[in-house]
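So the structure is just underneath, and the comments pick up after that.
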(Lines give C-alpha, C1' and ligand atoms only; values in the text may rest on other atoms or scores of the structure.)
Protein backbone atom coordinates (compact mmCIF):
# COMPACT_ATOMS: atom_id res chain seq x y z
CA UNK A 1 0.00 0.00 0.00
CA UNK A 2 2.93 2.32 0.62
CA UNK A 3 3.90 1.73 -3.02
CA UNK A 4 0.59 2.99 -4.40
CA UNK A 5 0.89 5.44 -7.29
CA UNK A 6 0.41 9.08 -6.34
CA UNK A 7 -3.01 9.30 -8.00
CA UNK A 8 -4.28 6.37 -5.92
CA UNK A 9 -2.92 7.96 -2.75
CA UNK A 10 -4.81 11.12 -3.68
CA UNK A 11 -8.03 9.18 -4.22
CA UNK A 12 -7.61 7.35 -0.91
CA UNK A 13 -7.02 10.64 0.92
CA UNK A 14 -10.09 12.13 -0.75
CA UNK A 15 -12.15 9.11 0.35
CA UNK A 16 -10.93 9.48 3.94
CA UNK A 17 -11.92 13.15 3.89
CA UNK A 18 -15.37 12.29 2.50
CA UNK A 19 -15.87 9.63 5.18
CA UNK A 20 -15.07 12.17 7.89
CA UNK A 21 -17.35 14.74 6.29
CA UNK A 22 -20.21 12.25 5.89
CA UNK A 23 -20.02 11.17 9.54
CA UNK A 24 -20.42 14.69 10.89
CA UNK A 25 -22.35 16.32 8.05
CA UNK A 26 -24.17 14.79 5.08
CA UNK A 27 -24.19 11.04 5.55
CA UNK A 28 -24.97 10.00 2.00
CA UNK A 29 -21.62 11.22 0.72
CA UNK A 30 -19.88 8.30 2.41
CA UNK A 31 -21.39 5.94 -0.17
CA UNK A 32 -19.36 7.68 -2.88
CA UNK A 33 -16.18 6.24 -1.36
CA UNK A 34 -17.27 2.60 -1.75
CA UNK A 35 -16.73 2.24 -5.53
CA UNK A 36 -13.58 4.38 -5.43
CA UNK A 37 -11.87 2.27 -2.77
CA UNK A 38 -13.06 -0.89 -4.51
CA UNK A 39 -11.46 0.36 -7.73
CA UNK A 40 -8.12 0.81 -5.94
CA UNK A 41 -8.03 -2.35 -3.83
CA UNK A 42 -10.84 -4.64 -5.04
CA UNK A 43 -14.27 -5.14 -3.49
CA UNK A 44 -13.58 -7.56 -0.64
CA UNK A 45 -10.17 -6.11 0.28
CA UNK A 46 -11.49 -2.57 0.32
CA UNK A 47 -14.22 -3.47 2.82
CA UNK A 48 -11.57 -4.32 5.41
CA UNK A 49 -9.53 -1.21 4.63
CA UNK A 50 -12.50 1.15 4.87
CA UNK A 51 -13.95 -0.29 8.10
CA UNK A 52 -11.45 1.28 10.57
CA UNK A 53 -11.86 4.63 8.82
CA UNK A 54 -15.61 4.39 9.32
CA UNK A 55 -15.11 3.60 12.99
CA UNK A 56 -12.78 6.60 13.41
CA UNK A 57 -15.53 8.76 11.90
CA UNK A 58 -18.20 7.14 14.06
CA UNK A 59 -16.24 7.96 17.22
CA UNK A 60 -16.00 11.62 16.24
CA UNK A 61 -19.71 11.80 15.39
CA UNK A 62 -20.77 10.05 18.61
CA UNK A 63 -18.69 12.42 20.73
CA UNK A 64 -20.25 15.43 19.01
CA UNK A 65 -23.89 14.31 18.70
CA UNK A 66 -24.33 11.78 21.54
CA UNK A 67 -26.89 13.93 23.34
CA UNK A 68 -29.17 13.88 20.28
CA UNK A 69 -29.56 10.09 20.03
CA UNK A 70 -32.97 8.40 19.78
CA UNK A 71 -32.19 4.96 21.24
CA UNK A 72 -35.61 3.47 20.56
CA UNK A 73 -34.86 3.34 16.82
CA UNK A 74 -31.40 1.86 17.35
CA UNK A 75 -32.64 -0.89 19.67
CA UNK A 76 -35.36 -1.90 17.21
CA UNK A 77 -32.87 -2.33 14.38
CA UNK A 78 -29.82 -3.86 16.08
CA UNK A 79 -31.01 -7.49 16.53
CA UNK A 80 -31.93 -7.66 12.85
CA UNK A 81 -28.70 -5.93 11.83
CA UNK A 82 -26.62 -8.49 13.75
CA UNK A 83 -28.51 -11.26 11.95
CA UNK A 84 -27.71 -9.59 8.63
CA UNK A 85 -24.02 -9.37 9.54
CA UNK A 86 -23.88 -13.09 10.29
CA UNK A 87 -25.63 -13.92 7.02
CA UNK A 88 -23.25 -11.66 5.14
CA UNK A 89 -20.22 -13.29 6.78
CA UNK A 90 -21.39 -16.80 5.88
CA UNK A 91 -22.57 -16.33 2.30
CA UNK A 92 -20.99 -13.03 1.29
CA UNK A 93 -18.10 -14.56 -0.61
CA UNK A 94 -20.47 -16.45 -2.90
CA UNK A 95 -22.14 -13.29 -4.21
CA UNK A 96 -20.45 -11.28 -6.93
CA UNK A 97 -19.84 -7.58 -6.35
CA UNK A 98 -21.95 -6.70 -9.38
CA UNK A 99 -25.00 -8.73 -8.32
CA UNK A 100 -24.75 -7.42 -4.78
CA UNK A 101 -24.68 -3.79 -5.90
CA UNK A 102 -27.71 -4.22 -8.14
CA UNK A 103 -29.80 -6.00 -5.51
CA UNK A 104 -29.03 -3.34 -2.92
CA UNK A 105 -29.68 -0.57 -5.44
CA UNK A 106 -33.14 -1.87 -6.40
CA UNK A 107 -34.17 -2.25 -2.77
CA UNK A 108 -32.96 1.21 -1.75
CA UNK A 109 -34.60 2.95 -4.70
CA UNK A 110 -37.86 1.13 -3.92
CA UNK A 111 -37.56 2.14 -0.27
CA UNK A 112 -36.88 5.77 -1.14
CA UNK A 113 -39.87 5.85 -3.47
CA UNK A 114 -42.13 4.39 -0.81
CA UNK A 115 -40.78 6.77 1.82
CA UNK A 116 -41.28 9.86 -0.37
CA UNK A 117 -44.83 8.79 -1.27
CA UNK A 118 -45.78 8.21 2.35
CA UNK A 119 -44.11 11.47 3.38
CA UNK A 120 -46.25 13.35 0.89
CA UNK A 121 -49.42 11.88 2.36
CA UNK A 122 -48.32 12.06 5.99
CA UNK A 123 -47.96 8.31 6.53
CA UNK A 124 -44.31 7.99 7.51
CA UNK A 125 -45.17 6.62 10.95
CA UNK A 126 -46.92 3.65 9.34
CA UNK A 127 -43.63 2.65 7.74
CA UNK A 128 -41.45 3.12 10.81
CA UNK A 129 -43.85 1.16 13.01
CA UNK A 130 -44.21 -1.69 10.56
CA UNK A 131 -42.33 -4.71 11.98
CA UNK A 132 -41.69 -6.19 8.55
CA UNK A 133 -40.19 -2.90 7.35
CA UNK A 134 -37.94 -2.66 10.44
CA UNK A 135 -36.79 -6.29 10.09
CA UNK A 136 -36.10 -5.87 6.37
CA UNK A 137 -34.10 -2.67 6.91
CA UNK A 138 -32.14 -4.25 9.76
CA UNK A 139 -31.24 -7.49 7.99
CA UNK A 140 -30.51 -5.84 4.66
CA UNK A 141 -28.44 -3.14 6.36
CA UNK A 142 -26.42 -5.69 8.33
CA UNK A 143 -25.84 -7.78 5.22
CA UNK A 144 -24.90 -4.75 3.11
CA UNK A 145 -22.52 -3.34 5.70
CA UNK A 146 -20.73 -6.68 6.12
CA UNK A 147 -20.28 -7.24 2.40
CA UNK A 148 -19.30 -3.77 1.30
CA UNK A 149 -19.86 -1.14 4.01
CA UNK A 150 -22.89 -0.15 1.95
CA UNK A 151 -25.57 0.25 4.62
CA UNK A 152 -25.56 4.06 4.57
CA UNK A 153 -28.32 4.55 1.97
CA UNK A 154 -30.38 1.76 3.57
CA UNK A 155 -30.21 3.36 7.00
CA UNK A 156 -30.98 6.73 5.43
CA UNK A 157 -34.31 5.37 4.17
CA UNK A 158 -35.25 4.37 7.72
CA UNK A 159 -34.01 7.54 9.43
CA UNK A 160 -35.68 9.79 6.86
CA UNK A 161 -38.93 7.93 7.47
CA UNK A 162 -38.72 8.72 11.19
CA UNK A 163 -38.69 12.46 10.42
CA UNK A 164 -36.13 13.03 13.15
CA UNK A 165 -34.70 16.57 13.51
CA UNK A 166 -31.35 17.18 11.82
CA UNK A 167 -29.12 16.65 14.85
CA UNK A 168 -31.11 13.64 16.08
CA UNK A 169 -30.82 12.12 12.60
CA UNK A 170 -27.02 12.41 12.73
CA UNK A 171 -26.69 11.36 16.37
CA UNK A 172 -28.90 8.30 16.02
CA UNK A 173 -27.08 7.21 12.88
CA UNK A 174 -23.70 7.79 14.55
CA UNK A 175 -24.39 5.46 17.48
CA UNK A 176 -26.05 2.85 15.26
CA UNK A 177 -23.13 2.68 12.86
CA UNK A 178 -20.48 2.71 15.57
CA UNK A 179 -22.09 -0.31 17.27
CA UNK A 180 -22.57 -2.15 13.99
CA UNK A 181 -19.12 -1.31 12.60
CA UNK A 182 -17.29 -2.33 15.78
CA UNK A 183 -19.21 -5.62 15.81
CA UNK A 184 -17.87 -6.36 12.30
CA UNK A 185 -14.20 -6.10 13.30
CA UNK A 186 -13.80 -9.70 14.61
CA UNK A 187 -15.40 -11.09 11.44
CA UNK A 188 -13.06 -9.04 9.24
CA UNK A 189 -9.99 -10.09 11.23
CA UNK A 190 -10.65 -13.78 11.84
CA UNK A 191 -12.97 -14.86 9.01
CA UNK A 192 -12.04 -12.65 6.05
CA UNK A 193 -8.55 -11.50 7.10
CA UNK A 194 -9.57 -8.07 5.79
CA UNK A 195 -7.93 -6.13 8.62
CA UNK A 196 -4.21 -6.64 9.24
CA UNK A 197 -1.39 -4.63 10.78
CA UNK A 198 -0.49 -3.36 7.31
CA UNK A 199 -4.02 -2.22 6.47
CA UNK A 200 -4.37 -0.55 9.87
CA UNK A 201 -1.10 1.32 9.37
CA UNK A 202 -2.53 2.54 6.07
CA UNK A 203 -5.65 3.69 7.95
CA UNK A 204 -3.50 5.71 10.33
CA UNK A 205 -1.79 7.40 7.38
CA UNK A 206 -5.23 8.50 6.13
CA UNK A 207 -6.45 9.67 9.54
CA UNK A 208 -5.42 13.36 9.17
CA UNK A 209 -7.54 13.64 6.00
CA UNK A 210 -10.49 12.04 7.81
CA UNK A 211 -10.16 14.50 10.72
CA UNK A 212 -10.11 17.41 8.29
CA UNK A 213 -13.27 16.14 6.59
CA UNK A 214 -14.99 15.69 9.96
CA UNK A 215 -14.12 19.26 10.94
CA UNK A 216 -15.55 20.62 7.69
CA UNK A 217 -18.68 18.53 8.14
CA UNK A 218 -19.28 19.97 11.63
CA UNK A 219 -19.07 23.50 10.23
CA UNK A 220 -21.23 22.87 7.17
CA UNK A 221 -24.10 21.05 8.89
CA UNK A 222 -24.70 24.00 11.23
CA UNK A 223 -25.50 26.21 8.24
CA UNK A 224 -28.07 23.88 6.63
CA UNK A 225 -31.73 24.48 7.62
CA UNK A 226 -33.76 21.45 8.78
CA UNK A 227 -35.95 21.24 5.67
CA UNK A 228 -33.04 21.64 3.28
CA UNK A 229 -31.01 19.06 5.21
CA UNK A 230 -33.78 16.51 4.60
CA UNK A 231 -34.02 17.31 0.89
CA UNK A 232 -30.25 17.22 0.40
CA UNK A 233 -30.01 13.89 2.25
CA UNK A 234 -32.71 12.36 0.06
CA UNK A 235 -30.97 13.60 -3.11
CA UNK A 236 -27.52 12.37 -2.04
CA UNK A 237 -28.92 8.99 -1.01
CA UNK A 238 -30.64 8.59 -4.38
CA UNK A 239 -27.52 9.58 -6.32
CA UNK A 240 -25.28 7.32 -4.23
CA UNK A 241 -27.69 4.44 -4.84
CA UNK A 242 -27.76 5.02 -8.61
CA UNK A 243 -23.96 4.77 -8.51
CA UNK A 244 -24.34 1.13 -7.41
CA UNK A 245 -25.70 0.29 -10.88
CA UNK A 246 -22.61 1.53 -12.76
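Just to verify a result, which residue in the stretch 24-43, among those that are outside any helix (DSSP H, G or I) and under 15 Å from the mean Cα position of the chain (by Cα), is surrounded by the most Cβ atoms within 10 Å (Cβ to Cβ)?
25
Please go through the stretch 208-232 and give me each residue that is touching a helix residue (DSSP H, G or I) at 6+ places or on another chain (Cβ under 6 Å) and within 26 Å of residue 144 (Cβ to Cβ), ordered by number.
209, 210, 213, 214, 217, 229
Taking the stretch 205-224 on its own, how many of its residues are in contact (Cβ under 8 Å) with a residue 24 or more places away in the chain and outside any helix (DSSP H, G or I)?
Going through the stretch 205-224 one residue at a time, the tally reaches 1.
Within 28 Å of residue 87 (Cα to Cα), assigned to a helix (DSSP H, G or I) and at pLDDT 85 or above: is that true of residue 202 in this structure?
no
Check residue 182 against each of (1) crowded, with 16+ Cβ neighbours inside 10 Å; (2) in a helix (DSSP H, G or I); (3) within 18 Å of the chain's Cα centre (by Cα) and name the one condition it does not meet.
(1)
Looking at (1) closer than 18 Å to residue 94 by Cα; (2) crowded, with 24+ Cβ neighbours inside 10 Å, which is the only condition residue 187 fails?
Failing condition for residue 187: (2).
Test of understanding: among 162, 172, which residue is crowded, with 21+ Cβ neighbours inside 10 Å and in contact (Cβ under 8 Å) with a residue 24 or more places away in the chain?
Criteria check complete, one pass: 172.
The values are calculated or read from the model by the stated rules, or taken from the named source; none is laboratory data. All of these numbers come straight from a predicted model, not from anything done at the bench. With ideal geometry, Cβ positions are generated from the backbone for all residues, glycine too; neighbour counts draw on all protein chains shown.
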